[in-house]
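For reference, the structure discussed in these notes is given below.
The values are calculated or read from the model by the stated rules, or taken from the named source; none is laboratory data. What you see is a predicted model; the values in this text were computed from it and never measured. Cβ: placed from backbone, ideal geometry, glycine included. Neighbour counts: every protein chain shown.
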Amino acid sequence: MDKVDNNGKGIKLGINGFGRIGKLSVWHHVGRKYFDEIVVNIGREAGTGFADIAHYVERDSTYGRLESFLHGQTAQSVISNIDEKSGSIHINGVKVTFLRQNRNPRDIDWRAHGVRLVLDTSGRFLDPTLAYDHPKGSCRGHLEAGAEKVVVSAPFKIKDIGADMENAMPKDTVTTVMGINENDYDPKKHKIISNASCSTTCLAHMMKPLLNAFGYKRILSASMATVHAATGSQKVLDRLPKSGTRDLRKNRSILNNIILTTTGAAQALRLVIPEIKQIGFIAESVRIPTLTGSLIILVLSFQEELQGTSIRREVLNNIYEQAAREDSRGYLNYSNCQNVSGDIIGIPRAATIIEAHETHTRTAELSIDLHNVPGFTDEVIKIIKKNFIKIPVTQAVIYGWYDNEMGSYVNILGDRTVSIAENM
């Protein structure tokens with residue numbers, strides 16, 4: 001586990017939502033000990049009493065028991081001082097208070113609890129264009145309730161689907177991925193910060209070294225598919241969809257199905273790496289019956305230069321290996337091993353783990369009919385005396401692993417949260 005930061009300057013962290021990301025964020029921060037106190041808003045009662053919340057915190061089907069996660073297999077329980085009256089417990093020496101009354105962000109009294117920084121992990125309040133008093137709630141409600149900064153643990157989603165995502169964003173919002181564009185965050189300007197998604201984080205760290213090496217002009221096209229572990233939005237057994245549900249597949253059992261779905265990774269990627277707008281990019285997602293541990297399969301077409309080194313497997317792997325060596329925080333990992341998904345669970349801060357063993361390339365000549373190229377009139381074609389031209393193109397397939405829960409996303413989300421606190 002990480003070394004203790006212990007320099008939170010008295011700042012309390014508020015967490016709204018206590019699902020997978022909320023719970024694991026508590027695990028991260030009680031181990032890190034940057035914040036003096038954590039206030040978690042559940043917004044409802046849980047179990048038959050307050051002790052059941054402690055039970056939920058202490059045990060996890062993916063990562064085991066909290067004390068072992070923090071201190072090893074011989075550790076004793078790290079939960080103490082369970083106080084039903086105050087709604088607080090101590091976890092690894094950090095006081096954690098649980099609020100169980102309000103679910104609308106504007107009604108959560110962060111001000112009364114001295115919380116200035118809120119991490120919203122609910123996955124519900126993703127539209128920063130909605131006013132704080134929107135009937136269904138808004139992330140701006142946290143600001144009205146006393147917070148100064150809000151970190152959202154998902155990509156922004158503007159409910160007006162016809163809106164231009166980038167231009168519709170309010171001036172006080174920003175989307176960042178640590179190690180990519182974290183410095184786009186301006187403490188004086190931005191109040192609501194999206195930490196993008198686990199898939200966007202992985203994809204950004206796969207694309208950035210290639211853009212640095214080749215520039216966007218040599219990348220003719222790109223596509224990705226994420227083979228993604230199950231999430232809380234899916235059903236254990238088949239369910240009748242709610243009224244208005246368009247994607248019927250998420251109501252099918254994740255226990256025994258491969259389920260095709262969508263991902264906003266490519267759209268969010270354009271917010272953190274602007275050059276991506278110049279590249280045709282397709283992103284798809286496939287959900288599989290595993291708890292965590294996901295994989296991005298990235299396919300790119302490069303235009304070869306007539307002179308110089310051709311883009312081959314060794315060239316791409318050397319780019320990633322060098323980038324990983326230069327990444328002091330370890331967000332980009334490079335592996336020559338033959339991994340399976342279970343091998344990468346829990347690796348700290350690995351935004352992506354490049355599976356170098358499976359990098360593949362193939363070069364061929366692409367034949368283009370000039371009659372179908374804008375600007376090439378019949379007169380021009382007669383002058384150059386060619387109906388077709390051939391362009392050398394290399395197609396590459398690159399694999400990147402990521403632990404979509406704790407190892408990759410939550411730990412990097414923790415870095416983002418602490419970096420914001422340091423400037424408050």
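Taking every residue in region 126-148 that is in the same structural domain as residue 40 (by TED's automatic domain parsing) and β-branched (Val, Ile, Thr) and pairing it with any residue that is assigned to a loop (DSSP other than H, G, I, E, B) and surrounded by 16 or more Cβ atoms within 10 Å (Cβ to Cβ), at least 6 positions away or on another chain, the pairs with Cβ-Cβ distances below 8 Å are 129/158; 129/169. Residue 334 meets the conditions (1) free of Cβ contacts under 8 Å to residues at least 24 places away in the same chain; (2) in a helix (DSSP H, G or I) in every case but one. The failed one is (2). Taken as a whole, the structure places residue 285 among residues that are within 19 Å of residue 224 (Cα to Cα) and either over 20 Å from the mean Cα position of the chain (by Cα) or surrounded by fewer than 20 Cβ atoms within 10 Å (Cβ to Cβ) (or both). Look at (1) surrounded by fewer than 16 Cβ atoms within 10 Å (Cβ to Cβ); (2) among the β-branched types (Val, Ile, Thr); (3) assigned to a strand (DSSP E or B) and you find that residue 38 fails only one, number (1).
Would you say residue 187 is outside the structural domain of residue 351 (by TED's automatic domain parsing) and over 19 Å from the mean Cα position of the chain (by Cα)? Taking the combined requirement at face value, the residue satisfies it.
Might you let me know whether region 164-180 holds any residue that is over 23 Å from residue 26 (Cβ atoms), in a strand (DSSP E or B), without any contact (Cβ under 8 Å) to a residue 60 or more places away in the chain and not acidic (Asp, Glu)? Yes, some residue in region 164-180 is over 23 Å from residue 26 (Cβ atoms), in a strand (DSSP E or B), without any contact (Cβ under 8 Å) to a residue 60 or more places away in the chain and not acidic (Asp, Glu). Residue 197 satisfies every condition listed in (1) within 30 Å of residue 356 (Cα to Cα); (2) touching a strand residue (DSSP E or B) at 6+ places or on another chain (Cβ under 9 Å) except (2). Might you let me know whether region 359-379 holds any residue that is in the same structural domain as residue 226 (by TED's automatic domain parsing), at pLDDT 95 or above, closer than 30 Å to residue 32 by Cβ and assigned to a loop (DSSP other than H, G, I, E, B)? No. Taking every residue in region 253-264 that is at negative phi and pairing it with any residue that is in a loop (DSSP other than H, G, I, E, B) and among the polar types (S, T, N, Q), at least 6 positions away or on another chain, the pairs with Cβ-Cβ distances below 6 Å are 254/234.
Give region 332-354 a look and list any residue that's under 17 Å from residue 322 (Cβ atoms) and touching a Cys at 6+ places or on another chain (Cβ under 8 Å), or say none. If the condition is that a residue be under 17 Å from residue 322 (Cβ atoms) and touching a Cys at 6+ places or on another chain (Cβ under 8 Å), then 351, 352 are the ones that fit. For the residues 267, 303, the requirement of being over 28 Å from residue 175 (Cα atoms), among the polar types (S, T, N, Q) and surrounded by 13 or more Cβ atoms within 10 Å (Cβ to Cβ) singles out 303. When region 377-401 is filtered for residues that are of a type in the set (S, T, N, Q) and in contact (Cβ under 8 Å) with a residue 12 or more places away in the chain, the ones remaining, listed by number, are 387, 394, 395. Taking the numbered list (1) under 26 Å from the mean Cα position of the chain (by Cα); (2) buried (at least 17 other Cβ atoms within 10 Å of the Cβ); (3) under 20 Å from residue 222 (Cα atoms) in turn, residue 293 passes all entries but (3). Evaluating residue 353 against the criteria (1) out of contact with any Phe, Trp or Tyr (no Cβ under 8 Å at 6 or more places or on another chain); (2) surrounded by 21 or more Cβ atoms within 10 Å (Cβ to Cβ); (3) part of a strand (DSSP E or B) leaves one unmet condition, (1).
Kindly evaluate residue 179 against the criterion of being crowded, with 16+ Cβ neighbours inside 10 Å, under 22 Å from the mean Cα position of the chain (by Cα), at pLDDT 95 or above and among the small types (Gly, Ala, Ser). So residue 179 passes the test.
With the requirement that a residue be closer than 16 Å to residue 206 by Cβ and crowded, with 17+ Cβ neighbours inside 10 Å, what does region 222-241 give you? 222, 224, 225, 226, 227, 228, listed by residue number. Filter region 242-264 down to residues that are outside any loop (DSSP other than H, G, I, E, B) and in contact with a helix residue (DSSP H, G or I) (Cβ under 7 Å, 6 or more places away or on another chain) and give me whichever is surrounded by the fewest Cβ atoms within 10 Å (Cβ to Cβ). The extreme case among them is 260.
For region 119-132, the tally of residues that are out of contact with any Asp or Glu (no Cβ under 9 Å at 6 or more places or on another chain) and either crowded, with 24+ Cβ neighbours inside 10 Å or of a type outside the set (A, V, I, L, M) (or both) stands at 7.
For residue 170, the stated conditions do not hold, so it cannot be described as in the same structural domain as residue 120 (by TED's automatic domain parsing) and modelled with pLDDT under 95.
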